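Before any comments, here is the structure.
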Amino acid sequence: MERVSSIGKSFYQGLVLEFRGRYRQLGYGFAGSMRVAYTLSRLKDDGLNNTTNAQVNGDFADEWSRARQDRLHRITVSGTFQTPSWFGKLRFSPIFRFGTSAPFDLGTGVDRNLNDVSTDRPNFNGSLGDVRWREPGTPYPAALVSQFSLPTIGSRGGNLGRNAGTGPRLYIFDLSVSREWKFNDRFRLRPAVEFGNIFNMAVFSYGSEYIDFDQNPSATEQATFLVPSRTYRARDIRLTLRFDF
């Protein structure tokens, strides 16, 4: 029998600082404005979703940790820049987003404490600062792995906390280029080209996946241990046409 209860906890603290520059002339026919936003925040919870199971049944206090979406620092820089007629009267609207590392969860992938759920975590006797993500193709961290061990079958569970790993940073740069034609006070035509992740940067992410520890890993498991299996969106280009009347 499975029981679902509304007992989950989540707590967010944040400070947002925003600086705006008014739209003004920059010289030589150029004009623009800029916005910079900084967020200092902490998000904690005791589960990933409404069907999350604790390592020890019912002990969600032991699950209290940084949430998967938690990023201590976030910076967003955006702006609008209008060019003169000799530059085509183009409007550039860039936006850059940066976020510090988000956590990830490291488990065993099996039910070692025999409570019918496989959310068990391993033991770890090293520095948590060393439990960090690694890029594909980097050497297998044998020294770090030697500091992990599996809990005894039937024991309470591992001593490694939930979401104890340090994941990748976030950085994405998008750009929109548009041009407006005004026919009269009512009719306007505005085509635009929008570039998502314009530099096609590989921004890795664990998403909601778990990283499983195995004391006797295969060659494939060694190659993928602590390596994110997904990235944020690749570069994409969208063509839009807006007509106001």
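Here are a few things to note about the model shown:
- Conditions (1) among the aliphatic types (A, V, I, L, M); (2) part of a strand (DSSP E or B); (3) surrounded by fewer than 16 Cβ atoms within 10 Å (Cβ to Cβ); number of the one not met by Leu106: (3)
- Some residue of the stretch 214-228 being under 30 Å from Phe81 (Cβ atoms) and either surrounded by 15 or more Cβ atoms within 10 Å (Cβ to Cβ) or over 14 Å from the mean Cα position of the chain (by Cα) (or both): no
- The conditions of being closer than 26 Å to Arg42 by Cβ, at pLDDT 95 or above and either in a loop (DSSP other than H, G, I, E, B) or of a type in the set (D, E, K, R) (or both) are not met by Ser208.
- Of all residues in the stretch 193-205 being of a type outside the set (A, V, I, L, M) and surrounded by fewer than 17 Cβ atoms within 10 Å (Cβ to Cβ), the one that is modelled with the highest pLDDT: Glu194
- Selected residue (only one of Leu150, Leu72, Leu48 is within 21 Å of Glu209 (Cα to Cα) and touching a Pro at 6+ places or on another chain (Cβ under 7 Å)): Leu150
- Residue in the stretch 225-242 that is assigned to a loop (DSSP other than H, G, I, E, B), within 22 Å of Asp111 (Cα to Cα) and either among the polar types (S, T, N, Q) or in contact (Cβ under 8 Å) with a residue 24 or more places away in the chain (or both) present: yes
- Condition met for Ser155 (surrounded by fewer than 17 Cβ atoms within 10 Å (Cβ to Cβ), under 26 Å from the mean Cα position of the chain (by Cα) and assigned to a loop (DSSP other than H, G, I, E, B)): no
- Residue check for Tyr171: in contact (Cβ under 8 Å) with a residue 60 or more places away in the chain, of a type outside the set (D, E, K, R) and surrounded by 16 or more Cβ atoms within 10 Å (Cβ to Cβ): no
- Whenever a residue of the stretch 145-161 is under 8 Å from Asn113 (Cα atoms) and charged (D, E, K, R), its partners that are at pLDDT below 95 and surrounded by 15 or more Cβ atoms within 10 Å (Cβ to Cβ), lying with C-beta atoms within less than 9 angstrom and at least six residues away or across chains, give the pairs Arg156/Gln55; Arg156/Val56; Arg156/Asn113.
- If you go through the stretch 161-190 and keep only what is part of a loop (DSSP other than H, G, I, E, B), under 23 Å from Ile75 (Cα atoms) and out of contact with any Pro (no Cβ under 7 Å at 6 or more places or on another chain), you end up with just Arg169.
- Candidate set: the stretch 166-188, residues that are more than 11 Å from Thr240 (Cα to Cα) and hydrophobic (A, V, I, L, M, F, W, C); chosen: the one nearest to the chain's Cα centre (by Cα): Leu170
The values are calculated or read from the model by the stated rules, or taken from the named source; none is laboratory data. Keep in mind the model is a prediction, meaning the values are calculated, not measured. All Cβ positions, glycine included, derive from the backbone under ideal geometry; neighbour counts span all protein chains shown.
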